[in-house]
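A.B. asks: Sending over a structure as structure tokens; questions will come in a sec.
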Amino acid sequence: MAVIRDVMPAFDLLQPTTAADAQNLLQQHGSDAWVLAGGLDSFDWLKDRIRKPKVVVDLSGVDELRGIRPASDGGVEIGAMTTLTEVVRNPIIKERFGLLSEGAELAASPQIRNQGTLGGNVSQDARCHYYRAGWPCYRAGGNICYADTPEGRNREHAILGADRCVAVNPSDSAPALIALEAKFVIRSSKGERVVEAEDYFIGPGIDITRLNILKPGDLLTAIRIPATWAGAKFYFEKIRDRNVWDFALLNIAAAMKVSGGNIDAARIVVNGAAARPLRLMAVEDAIKGKPANAATGEMAGKLAVEGAVPLQFNAYKIPLMRNLVKRAIGGVEVATWA
Amino acid sequence: MGIVQWATSPFGQVVPIHIAWILIWVFAIAGLAFLVVHAIWARYFAAAEEFSGAPSAAVVATVPAEVPRHSFAARMFHWIMAASMLTLLVTAFLPKVGVRFPWVTYHWIAGAVLTVSIIFHIVHATFFMDFWAIWPDKEDIEDATRRLKRFMGQDAPAPRRFAKYPLENKMYHGAILLTGLAVIVTGVFMMFRVRTAFFPRNPYLFGDMTWGMMYVLHGLAGVSLIALIMIHIYFALRPEKLVITKSMVFGSMPKEYYLEHHDPERWTVEATTSKGASA
């Protein structure tokens, strides 16, 4: 079981300086390799001695994976190793894609944002305490979910999309990136491929041991945000037990194009409700052409939680998600928390 | 590397969690090797079938042109079971070899279909068919001994013609029975671990060790079925067996094939010209 020993198991530390070298090393060592970005998720695993990789590929020396570059289409390309603080402070992102700024700024604490990277934030592993404690659950390759039991501690767990495992995705930047129609650039031995942000994340039905599509040998190199939603009406809200340094119980990212008070188009994404950030496509379709007001928000909130299955201790997430959707569409004042 | 994967439970107990997935390849390769060896043997080394005795002219005269072999109900059962079994194999093992899709729901639905079809088969075979036709009898053993001796070059009389099912069919049925029942019984209990339409989830129905053994048994029977199904499909497609395969589609086989391979005294058919309707 997990005992913090603070002394990591021995491994070979490899420090490439180019993305090509990094990918080659990952390819060479396959499932024996561990990708180290900011280290904030990694060091938990390593110091708890739950993950014992033979090789750690440290990306901190790969400069080409850092930085925020304007793209010719009016969007931006963000290197996977760009820190969350750099994302938050970047003027282009702040002005045109404020949704991501808000999401990134609400992640963890200032110190963690200084060290944590955007690539690491979207690729971090589940926070389920049973899984993180090293118990042999489904996600760890076993045959049981300890959280989805009558006695299980499952207050933070999934209400939608559960399939044996009920862990949720903990990222704050992921829903914002999906709402902004971002694309993830992945380098592998077969070359570079670009996937839609929402296709980067996978649920337990597809692969119960991963939260994203990265396989051994794959390297997330950059995230591209197109100009499509630049300057749209954005809404990001994160609900957590304490207002600093905590993972979301739920968060919501919404991008809407509104004209004459009516919603022309919208992308709404909730995280913390399932093992992957959930894009609420039924809600997006339902609110199209409708006024961005309380009534629409009310209808959308009810639609958003259809099919939700609460566990023993997380039924609160259903009204929470309903109200988050309502606030994202109608504004904070339409669904106060009092 | 063993055939079982172990883990330490939260209570410090070392328990099995499932089979080592390498066994998927072991059984697939074993099944393939059997097919290759059999195909080479059948093509280059197998002697022509030889049977002792021959049916009398009077008996031959009573045999219809198309001999009913499988009733409509029996054929429906076979193909429903085949579809569910193939679905189970595909949904169980493709994700393990890297083809990702949400397989669990398809898997338990196919498992439920298989379970219902097997229950139907047990009732149907017990009360509406010749129950003993599929079980090896004394004559099968004697004939198998004769064939083995002749294969080894020893002196032995030619075996008699088969009853409704050759011994190989009966042995295969026995193997499928064992593996099928193992996956069904363990699979029904495993449905308590996932959300289905049938039972409320109860992962604490058994202890970790019992659950682990159940997963291992389910896995072992499952990988065995990979090889067994490969072998079954191979024989179904072999030219000399196509008549039998067609009878599983259309219900009957030609009189000539029946008289050449089967003993009318051991498998009596009614003198009718209509197709189908036999057990």
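A.B. asks: Return one number: the angle in degrees, 0 to 90 and rounded to the nearest 10, between the long axis of the Cα atoms of helix B:104-127 and the longest principal axis of the Cα atoms of chain B.
C.D. replies: With rounding to tens, the tilt is 40 degrees.
A.B. asks: Let me ask something additional. Of the heavy-atom accessible surface of region A:229-310 (probe 1.4 angstrom), what whole percent is carbon and sulfur?
C.D. replies: Taking all protein chains in place, region A:229-310 shows 54 percent carbon and sulfur surface.
A.B. asks: Report, to the nearest whole %, how much of the accessible area of region A:1-104 belongs to carbon and sulfur atoms, 1.4 Å probe, protein only.
C.D. replies: Ligands and nucleic acids excluded, carbon and sulfur give 49 percent.
A.B. asks: Give me the accessible area buried between chains A and B, both sides summed, with a 1.4 Å probe, in Å² rounded to the nearest 100.
C.D. replies: Result for this pair: about 1900 Å² buried.
A.B. asks: Still on this structure, please answer the following. Excluding ligands, DNA and RNA, what is the solvent-accessible area per residue of region A:240-338 at a probe of 1.4 Å, expressed in Å²?
C.D. replies: 43 Å²
A.B. asks: Under a Cβ-Cβ cut-off of 9 Å, what is the net charge of the residues other than B:PHE162 that fall near it, where Lys and Arg count +1 and Asp and Glu count -1?
C.D. replies: Spelling it out: positives minus negatives among the neighbours equals +1.
A.B. asks: Right, here's the next one. What is the local net charge at B:PHE199, summed over the other residues whose Cβ is closer than 15 Å to its Cβ (Lys, Arg +1; Asp, Glu -1)? The partial results should precede the final answer.
C.D. replies: Values: positive: A:ARG164, B:ARG193, B:ARG195, B:ARG201; negative: A:ASP148.
With Lys, Arg at +1 and Asp, Glu at -1, the net is +3.
A.B. asks: Moving on. Could you work out the Kirkwood radius for region B:13-130, taking every pair of different alpha carbons, averaging 1/r and inverting it, reported in Å?
C.D. replies: 19.1 Å
A.B. asks: Also, quick follow-up: Can you tell me what the convex hull of the Cα atoms of region B:97-215 projects to on average, as an area in nm²?
C.D. replies: Here the figure is 12.0 nm², rounded to one decimal.
A.B. asks: If I fit a long axis through the Cα atoms of helix A:19-29 and take the longest principal axis of the Cα atoms of chain A, what angle between them do I get, 0 to 90°, rounded to 10?
C.D. replies: 60 degrees
A.B. asks: Given a 1.4 Å probe, how much area per residue of region A:21-78 is accessible, in Å²?
C.D. replies: Using a 1.4 Å probe on heavy atoms only, each residue of region A:21-78 averages 46 Å².
A.B. asks: Please report the accessible area of B:THR62 (heavy atoms, 1.4 Å probe, ligands and nucleic acids excluded) in Å², nearest 10.
C.D. replies: Here the accessible area works out near 70 Å².
A.B. asks: Let me ask you something else. Which lysines have a Cα less than 18 Å from the Cα of B:LYS149, not counting those fewer than 8 places away in the same chain?
C.D. replies: Once the sequence-local lysines are set aside, what remains near B:LYS149 is B:LYS138.
A.B. asks: Given the convex hull of the Cα atoms of region A:178-249, what is a quarter of its surface area in nm²?
C.D. replies: Projected area, direction-averaged: 6.9 nm².
A.B. asks: Residue separation times 0.36 nm, minus the C-alpha to C-alpha distance between B:ALA175 and B:ALA48: what's the value?
C.D. replies: Working: separation 127, 0.36 × 127 = 45.72 nm, distance 2.69 nm.
So the extension gain works out to 43.0 nm.
A.B. asks: How much length is gained on full extension from B:PHE128 to B:THR145, taking 0.36 nm per residue of separation minus their Cα-Cα distance?
C.D. replies: Length gained, B:PHE128 through B:THR145: 3.0 nm.
A.B. asks: Given the alpha-carbon gyration tensor of chain A, what are the semi-axes of its equivalent ellipsoid in whole angstrom, ordered largest first, with each equal to the square root of 5 times an eigenvalue? List each step's numbers first, then the result.
C.D. replies: Numbers: eigenvalues 204, 128, 52 Å².
The answer is 32, 25, 16 Å, longest axis first.
A.B. asks: Moving on to the next point. Give the carbon-plus-sulfur fraction of the accessible surface of region B:135-181 in %, rounded to a whole number; probe 1.4 Å, heavy atoms of protein chains only.
C.D. replies: Its accessible area is 65 percent carbon and sulfur atoms.
A.B. asks: At 7 Å along the Cα-to-beta-carbon direction for both A:SER188 and B:ALA20, put a label point, then send me their distance in nm to one decimal.
C.D. replies: 2.7 nm
A.B. asks: I would also like to ask the following. Between A:ARG49 and A:LEU303, what is the label-to-label distance in nm when each label sits 7 Å out along the Cα-to-Cβ direction?
C.D. replies: 5.3 nm
A.B. asks: Under a 1.4 Å probe, what is the accessible area of chain B per residue, stated in Å²?
C.D. replies: Spelled out: the 1.4 Å probe surface of chain B, per residue, equals 55 Å².
A.B. asks: May I pose another question? Net charge near B:ARG150, counting Lys/Arg +1 and Asp/Glu -1 over other residues with Cβ under 14 Å of its Cβ?
C.D. replies: That sum, taken over residues with Cβ under 14 Å, equals -1.
A.B. asks: To the nearest 10 degrees, how steep is helix B:22-40 against the longest Cα principal axis of chain B, on a 0 to 90 scale?
C.D. replies: Roughly 10 degrees between the two axes.
A.B. asks: Then there is this: Treat each spin label as a single point 7 Å out from the Cα along the C-beta direction, and report the A:GLU151 to B:ALA58 distance in nm.
C.D. replies: My value for the distance between the label points is 7.7 nm.
The values are calculated or read from the model by the stated rules, or taken from the named source; none is laboratory data. Please read these numbers as outputs of a predicted model, since none were measured by experiment. Cβ coordinates were reconstructed from backbone atoms using ideal geometry, including for glycine residues, and neighbour counts include every protein chain displayed. Note: accessible area is taken over every heavy atom of the protein model, side chains too, but ligands, DNA and RNA are not part of it. Shrake-Rupley method; radii C 1.70, N 1.55, O 1.52, S 1.80 Å.
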